[in-house]
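The values are calculated or read from the model by the stated rules, or taken from the named source; none is laboratory data. Quantities reported herein were computed from a predicted structural model and do not represent experimental measurements. Note: ideal-geometry Cβ built from the backbone for every residue, glycine included; neighbour counts use all protein chains shown. Accessible surface areas use protein heavy atoms only, side chains included; no ligands, DNA or RNA. Shrake-Rupley method; radii C 1.70, N 1.55, O 1.52, S 1.80 Å.
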Amino acid sequence: GILRTTTDGRLILANPAMARIFGYDSPAQMVAEVTDVSGQLYVDAAQRRALFQILTEQGAVTRHEVQMRRRDGSVIWVTHSGQLIRDAHGETLYYDGVLEDITERKRAEAAATALASTARALLGSLDPAVLSSVVTRNVCRLLHATIALVYRVEPESGDLVAMGASNEETQINAWAARLPAGTGLTRLALAERRPYTAPDILHDPRADLPPQRHADLLSLTDRAVLVVPLVVRDRVFGALVIRDVTGRRFDPTEIERLQAFADQAAIALD
């Protein structure tokens, strides 16, 4: 993809390949909708500042890797190669760049790293808390998601009880420590033994959320959800719940990769 941006972050040119990479119907649509390159296209605005620091010092950049967001909120990896275009007085006019989508390569690398890390943890510890922490951190790395939690089914109640999280989620949101039986997308994932996903759990009628849970979720900015059941020897004993920025759509390749990861993690956790 080819693009041109101003130094203050306005997109002024994109070719058809660039529009396709970021999920827009046309270059014109992308230029019209992207009014803040840092805020809309970069996962972390600091990455664009780092890119422009290199450009300011060197004038050009080659295959600089950054994470960016598509129109639907999904995260991709790209390499930037480009240069600053200056006027006769040396003042910067704009940045001309070529982007290459390297998401599949980065996903494969992340999957290998996540699986290897989980295998090492299994060899090094049988502590469920340690394994849960490793699994959830690696899930976030695998999918570039904000939060991952691993749950076990409590036999007495059927509720899902958190075994671990990738951050302090269960302390920040106390309700996340226990998910009542028969609610949310976890109900469907466990009953049908297959992944379920929604770009915004709050507005997915399949979730059938009780009023209190609906209220709990209102303030969250990461309501995109992917739920994968944990199954060992034909027995469902828990679930992996992944959340990311509202609006993200997990694609079939990501879901398939997570299911493969979950199948191995389930053995360790069980």
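Which of (1) open to solvent by less than 40 Å² (accessible area, probe 1.4 Å); (2) touching an Asp or Glu at 6+ places or on another chain (Cβ under 8 Å); (3) modelled with pLDDT of 90 or more is the odd one out, the single condition Val66 does not satisfy? Failing condition for Val66: (2). Looking across the range 221-261, the residues that are over 16 Å from the mean Cα position of the chain (by Cα) and either closer than 16 Å to Arg141 by Cβ or surrounded by 23 or more Cβ atoms within 10 Å (Cβ to Cβ) (or both) come down to Pro229, Leu230, Gly238, Ala239, Ala260. For the structure I just gave you, tell me whether Pro205 is in contact (Cβ under 8 Å) with a residue 40 or more places away in the chain and either under 16 Å from Ala224 (Cα atoms) or hydroxyl-bearing (Ser, Thr, Tyr) (or both). So Pro205 fails the test. The residue pairs whose first member lies in the range 148-176 and is within 13 Å of Leu230 (Cα to Cα) and among the acidic types (Asp, Glu), whose second member is open to solvent by 30 Å² or more (accessible area, probe 1.4 Å) and at pLDDT 90 or above, and whose beta carbons are closer than 6 Å, counting only pairs six or more residues apart or on different chains, do not exist in this structure.
Anything in the range 143-179 that is among the aliphatic types (A, V, I, L, M), surrounded by 15 or more Cβ atoms within 10 Å (Cβ to Cβ) and in contact with a Phe, Trp or Tyr (Cβ under 8 Å, 6 or more places away or on another chain)? List them, or say none. Result: Leu143, Val153, Leu160, Ala162, Met163, Leu179.
Being surrounded by 19 or more Cβ atoms within 10 Å (Cβ to Cβ) and modelled with pLDDT of 90 or more is a condition met by no residue of the range 45-60. Screening Ala215 against (1) crowded, with 17+ Cβ neighbours inside 10 Å; (2) of a type outside the set (Val, Ile, Thr); (3) without any contact (Cβ under 8 Å) to a residue 40 or more places away in the chain leaves a single unmet condition, (1). Of the residues making up the range 122-142, those that are closer than 21 Å to Leu226 by Cβ, among the aliphatic types (A, V, I, L, M) and either surrounded by fewer than 16 Cβ atoms within 10 Å (Cβ to Cβ) or in contact with a strand residue (DSSP E or B) (Cβ under 6 Å, 6 or more places away or on another chain) (or both) are Val135, Val139.
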